[in-house]
Ligand SMILES: Cc1cc2nc3c(=O)[nH]c(=O)nc-3n(C[C@H](O)[C@H](O)[C@H](O)COP(=O)(O)OP(=O)(O)OC[C@H]3O[C@@H](n4cnc5c(N)ncnc54)[C@H](O)[C@@H]3O)c2cc1C
């Protein structure tokens, strides 16, 4: 890089966040500029400790997303590249296929819409009837289903770890336990710089900065002085694991037809790549952005959404679904009722160990969800504002998109 000689000690690029999006971005930059000096700053002690390590492990095909949206385009491409990445590094994965199951006439009509959308998104699906569904999955019941044969499963922590190894081998520095607490963009000779301070009192500077801070995306954008029109609202997704004797309960991923008013896909049954079967996740308000144990509360996280008008507007539009989700979180019997719509033989005693992930969902001041992937840009910075599901599947092309924006010049 031209700046290299005059800027010893300064990075070319700083990346905040060692989740899949940050790692894939660093990877895409080094692919485009092999001699770039890049540092990834991560506040946790390892890669993928937040959303990237607490998800359903599904390699999505890209069925649901609005045609032409970033989600639709990057998920379709991301599925292909995720599978290639796994093959290159010997990461266990399996294209088990997914069944989206309609259980009544209302959901059958929505299944028709999904089938049309799949065709528009160029995703292969097969429509099957109740009989074929029962043959494929004796424990699942429905009036019709869409089979997506290219949907798969993986442990995304393995992918993050392989990306980390790749980056280290390419000369990228990863600094863990390094929380960025302030960001200042400086004009000046030589194209200016972005200077960051860390919680431990350290300071670093670079020509360009990318923030991929997931659940902290709004806060990191705000410390950079970027006037954002959204706030991250944490949605907790709780899973149950079926007992070992039920680990052959399903062969495919089993999903309900999603409620079009919600940005989440509904409680599904998922075989995992290590041979377990999970049921979940639901979607309840999270009282701590990064508090995974049940009952976690962080007052500053609650304060942030409770003082945000967009949160109350969103809540006002979703009183009924929120109440149902809350009830089902408190009482496993309610959760079970959701599963019984398509898996009637599950019992309360099948809902064993609980775990949880927490989704970062950007909500605008008017109370609407930002549906698509979203970035904010300044002259020298790109902040990923919204990268919810399917951003694990899509991380490789998301990283490439960000690297292209960076190298074409931000602002
Ligand atoms: C319950 C659940 C189920 C999901 N299921 C799927 C699925 O099956 N398939 C799929 O494709 N997607 C799924 N997703 C979505 C997917 O996991 C996320 O979209 C993706 O992991 C986002 O990656 P990220 O790098 O943007 O964020 P994260 O993984 O959250 O990483 C952000 C990183 O930034 C760090 N950070 C934050 N602030 C700072 C700071 N100030 N300084 C330094 N570091 C900082 C954090 O510590 C964290 O490591 C799911 C998500 C959840 C929560």
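FYI, it's all coordinate maths here, none of it is from the lab. No experiment lies behind these values; they were computed from the predicted model shown. In this analysis, Cβ positions are derived from the backbone assuming ideal geometry, glycine residues included, and neighbour counts consider all displayed protein chains.
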Rounded to the nearest 10 degrees, the helix 105-120 long axis (Cα) sits at an angle to the longest Cα principal axis of the chain of 40
Tell me, what is the FRET efficiency for residue 313 and residue 88 to the nearest 0.05, using R0 = 51 angstrom and their Cβ-Cβ distance as r?
0.65
With everything on Cα atoms, drop me the angle between helix 395-407 and the longest principal axis of the chain, reported from 0 to 90° to the nearest 10.
30
Yeah, region 16-83 with a ≥ b ≥ c from its alpha-carbon gyration tensor (a/c under 1.5 is rounded, else prolate when a/b outruns b/c, oblate otherwise) is oblate
Tell me, 267, 302, 15, 284 in order of fewest to most beta-carbon neighbours within 10 Å?
302, 284, 267, 15
Tell me, what is the percent relative contact order of the chain, built from C-alpha pairs under 8 Å that lie six or more residues apart?
23
On the formula 1/(1 + (r/R0)^6), with r taken between the Cβ atoms of residue 245 and residue 379 and R0 of 41 Å, the FRET efficiency rounded to 0.05 is 0.10
Students often check this: by mean Cβ neighbours within 10 Å, which of 206-215, 356-365 ranks highest, and how do the rest follow?
206-215, 356-365
Could you line up 43, 251, 32, 71 from fewest to most neighbouring Cβ atoms inside 10 Å?
32, 251, 43, 71
So the label point goes 7 Å from the Cα of residue 143 along Cα→C-beta, right? Which residues of region 244-277 then have their backbone N under 17 Å from it?
256-260
So what is log10(I(q)/I(0)) for region 184-338 at q = 0.17 1/Å, when the Debye sum runs over its Cα atoms only?
-1.08
Quarter of the surface of the C-alpha convex hull for the chain, i.e. direction-averaged projected area in nm², equals 19.4
Report the extension gain between residue 186 and residue 105 in nm, rounded to one decimal, defined as 0.36 nm multiplied by the number of residues separating them, less their alpha carbon distance.
23.3 nm
Acute angle (nearest 10 degrees) that the helix 70-89 long axis makes with the longest principal axis of the chain, alpha-carbon atoms:
90
Quick check: the distance between the Cα centres of region 44-73 and region 272-306, to the nearest angstrom?
17
Using the number of other C-beta atoms within 10 angstrom as an exposure proxy, rank 23, 348, 74, 405 with the fewest first.
348, 405, 74, 23
Computed from the beta carbon distance with a Förster radius of 35 Å, FRET efficiency for residue 46 and residue 130 to the nearest 0.05 stands at 0.15
